[in-house]
Amino acid sequence: MSRRLIGASLLLPGLACAEDAGNPVSASSILMFLLFVGATLYITYWAAKRTSTAKSFYTANGGITGFQNGLAIAGDYMSAASFLGITALVYTRGYDGLIYAIGFLVGWPVIMFLMSERLRNLGRYTFADVAAYRFQQTPIRVFSAVAGIAIVLLYLIAQMVGAGALIQTLFGISFEGALLIVGVLIIAYVTFGGMLATTWVQIIKAVMLLSGASFMAAGVMWLSGFSFETLFQSAIDKHPKGVGIMTVGGLVSDPVSAISLGIALMFGTAGLPHILMRFFTVPDAKEARKSVFYATGFIGYFYILTFIIGMGAIAFILGNPAYFNADGSMRGGDNMPAVHLAHALGGDLFLGFISAVAFATILAVVAGLTLAGAASISHDLYANVINRHATDRQEVRVSRYATIALGLLAILLGIVFQHQNIAFMVGLAFTIAASATFPVLLLSMSWSGMTTRGAVWGGSLGLLVAVAMVVMSPAVWVQVMGFEQAIVPYSNPALFSVTVAFGSIWLFSVTDRSERAQAERRAYVAQFIRSQTGIGAEGASH
Amino acid sequence: MTPEYVEKIKALPEYHALVRERRLLASVLTGIMMLAYFGFILLVAFVPEFFSTVVWGSVITIGFPLGVGIILLAFVLTGIYVRKANQHFDVLTNTIRRAVE
């Protein structure tokens, strides 16, 4: 079958066509996917009856427990891109994949120690509630919404394009059809079920993904006689890099890019709007910190699994002709090692399960992003800038329209960017989060001297430097725009953009001698007491 | 929060203990995490040959216990914080709440 299709796959390099995926759509994958959709739609129906006020729409009435929220955070954070992408990275580069995975985890303790409790004590629905707490509402809300929506859209495009290609391969649906299914389902979840339905979609997905990945890692270890020595040895024997997979390769080339990537990952996590929003779904600071503890455990465990799975893919599918085209390329594209390993370990039935898991993963992440984007529009822009006298009903109505608009926009952007090189987008989203939302949010809670002017100038300059330097970097300037030589040699600019953000927040704050700035500095002590003790905080309504 | 309320809380020794101890613990734990992670990244960037050192059997290099160690460290540090907060900070917070409410 593959021989007939070599011509087609040569014409469309990097594109997965359903027929040459090597994984004929099995009845089991469709059945499991339908089960998941049925269950989540039932939950949405159940949640819809409990979702009428703004508080229920944005925060599930603050009634999620720390353990549930920990799972939901893990479900929000472990994307299909990170499952398939990191296993694929381990498969092609070995140890380098683990370096990358570690970066995605180390932001969580930072969130725990510097943000989670204070966020819960100060905020209501969005991180901008906290950032704008003692400042002039309009400028901070507009800044937060612009940065937040930029992060959400970049992340969303990366998810949608990946989703389209993956679903096309696994289920044999057209790219556009796949996006339509994702778009329609997440609009249904979020519009009707709000945060409550989104949370449960994320919890179910996290449980499915963790069980599927655990099963695969256990299978890999079982085949290796539960010996890492045996597993790594057979991987070394098969891999073209040989013993090179056991050590640092060329993934992080120059020191500046390496440190910048580290900064972007470590502090960017603490600036992602859809993650920050999850802290308002728990009743108090105690549950907020518990949720980070569980989330860190689940996410850390997951990344260890992805590494074992990636090494297992080298050991058990590399060289197996069933998973490769005649020209040596992997069937279904470079991101498929985990999917093929699922088939090698558990046959069609387990492949079906992993395909359904991948689909569920996409839906959960996209739903979380869409809800965060909609909240930025309806809570930060509409209810706090455009119409400050908006009623609760009006605000919820706007957030539902915003959800529908964002869902449709996500489908459209997925189609527009289908053939673009989007590898830089998630990195850019993390860099903007580390350079714009994180510094403003952190200093608003921990530095009495910050003023509205400092926050808006500093955050905006951080955002601009981050975007400008990424555009001029090799990933965009050369690989997307096609110029010969990049203006900025570094693959990640966070070292500079985060420094610019903190530096200019400081500079524009200390030089702010206005009456208003004085009042803002005086208001810090009351905010600080509330952030530390939770006295006066928005509690759960039950 | 009225100014009288603020003054009342600021007068409580428990409030100052809470702020001081939490700030200390959070800074120490954040410092450990940053030191471990950026130390690791700097090793990767400047001394890549270090990662070829075999530490166990004939193929397992130093990078594996190091990498898994950082993941475990992240989890353990969050655990330490939660434990300390549950046992100590919450007690102080409740004392403060009772004193002013």
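The values are calculated or read from the model by the stated rules, or taken from the named source; none is laboratory data. Everything numeric in this text was worked out from a predicted model, so none of it was measured. Reconstructed Cβ throughout: ideal geometry from the backbone, glycine too, with neighbour counts over all protein chains shown. Areas reflect the complete protein model, heavy atoms only, side chains present, ligands, DNA and RNA absent. Shrake-Rupley method; radii C 1.70, N 1.55, O 1.52, S 1.80 Å.
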ask   = Got at least one residue in segment A:162-179 being under 15 Å from the mean Cα position of the chain (by Cα), hydrophobic (A, V, I, L, M, F, W, C) and buried (at least 22 other Cβ atoms within 10 Å of the Cβ)?
value = yes
inquiry  = Between B:PHE40, B:PHE75, B:PHE64, which is crowded, with 17+ Cβ neighbours inside 10 Å, in contact with a Ser or Thr (Cβ under 6 Å, 6 or more places away or on another chain) and either modelled with pLDDT of 95 or more or of a type in the set (A, V, I, L, M, F, W, C) (or both)?
reply    = B:PHE75
note = Listed by range, helices (runs of 4 or more DSSP H) wholly within segment A:425-542 having at least 3 residues that are within 24 Å of A:GLY107 (Cα to Cα) and open to solvent by 10 Å² or more (accessible area, probe 1.4 Å) are A:425-432, A:438-446, A:452-471, A:494-510
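Restricting to segment A:61-74, give me the number of residues that are modelled with pLDDT of 95 or more and open to solvent by less than 20 Å² (accessible area, probe 1.4 Å).
So in segment A:61-74, the residues modelled with pLDDT of 95 or more come out as A:64-74.
Going one step further and asking which of them are open to solvent by less than 20 Å² (accessible area, probe 1.4 Å), we end up with A:64, A:66, A:69-74.
Residues flagged as modelled with pLDDT of 95 or more and open to solvent by less than 20 Å² (accessible area, probe 1.4 Å) within segment A:61-74 amount to 8.
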remark   = Result of the Cβ filter at 7 Å on segment A:142-155, keeping first residues that are closer than 12 Å to A:PHE127 by Cα and partners that are basic (Lys, Arg) and at pLDDT 95 or above, at least 6 apart or interchain, is none
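Residue-wise test of (1) within 10 Å of chain B (Cβ to nearest Cβ); (2) out of contact with any Gly (no Cβ under 6 Å at 6 or more places or on another chain); (3) not polar (S, T, N, Q).
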residue: A:ALA217; (1), (2), (3): no, yes, yes
residue: A:TRP222; (1), (2), (3): no, yes, yes
residue: A:PHE226; (1), (2), (3): no, yes, yes
residue: A:GLU229; (1), (2), (3): yes, no, yes
residue: A:PHE232; (1), (2), (3): yes, yes, yes
residue: A:THR247; (1), (2), (3): yes, yes, no
residue: A:VAL256; (1), (2), (3): yes, yes, yes
residue: A:ILE259; (1), (2), (3): yes, yes, yes
residue: A:LEU265; (1), (2), (3): yes, no, yes
Whichever residue in segment B:62-82 is more than 9 Å from chain A (Cβ to nearest Cβ) and of a type outside the set (Val, Ile, Thr) and, among such residues, is nearest to the chain's Cα centre (by Cα) = B:GLY69
Residue match in segment B:79-92 (condition: in a helix (DSSP H, G or I), free of Cβ contacts under 8 Å to residues at least 40 places away in the same chain and within 17 Å of A:ILE102 (Cβ to Cβ)) = no
message = Of everything in segment B:43-61, what is among the hydrophobic types (A, V, I, L, M, F, W, C), facing another protein chain (nearest Cβ under 8 Å), part of a helix (DSSP H, G or I) and open to solvent by 60 Å² or more (accessible area, probe 1.4 Å)? Give them in sequence order.
response = B:PHE46
note = Per the filter on segment A:127-156, residues among the β-branched types (Val, Ile, Thr) and surrounded by 22 or more Cβ atoms within 10 Å (Cβ to Cβ) are A:VAL130, A:ILE140, A:ILE151, A:VAL152
key: Hey, A:ILE245 without any contact (Cβ under 8 Å) to a residue 12 or more places away in the chain and either farther than 30 Å from A:ALA372 by Cα or not β-branched (Val, Ile, Thr) (or both) or not   = no
ask   = Taking the stated definitions as given, is A:TYR294 within 14 Å of chain B (Cβ to nearest Cβ), closer than 26 Å to B:PHE40 by Cβ and surrounded by fewer than 21 Cβ atoms within 10 Å (Cβ to Cβ)?
value = no
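Taking the options A:ILE415, A:ILE354, name whichever one is touching an Asp or Glu at 6+ places or on another chain (Cβ under 9 Å) and farther than 20 Å from A:SER56 by Cα. Walk me through how you get there before you give the answer.
On the way: A:ILE354 fails: touching an Asp or Glu at 6+ places or on another chain (Cβ under 9 Å).
One residue alone meets the criteria, A:ILE415.
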inquiry  = Here is a list: B:LEU42, B:LEU66, B:LEU25. Which entry is among the hydrophobic types (A, V, I, L, M, F, W, C), farther than 29 Å from A:PHE232 by Cβ and without any contact (Cβ under 8 Å) to a residue 60 or more places away in the chain?
reply    = B:LEU25
Residue match in segment A:183-191 (condition: of a type outside the set (Val, Ile, Thr) and either without any contact (Cβ under 8 Å) to a residue 12 or more places away in the chain or crowded, with 24+ Cβ neighbours inside 10 Å (or both)) = yes
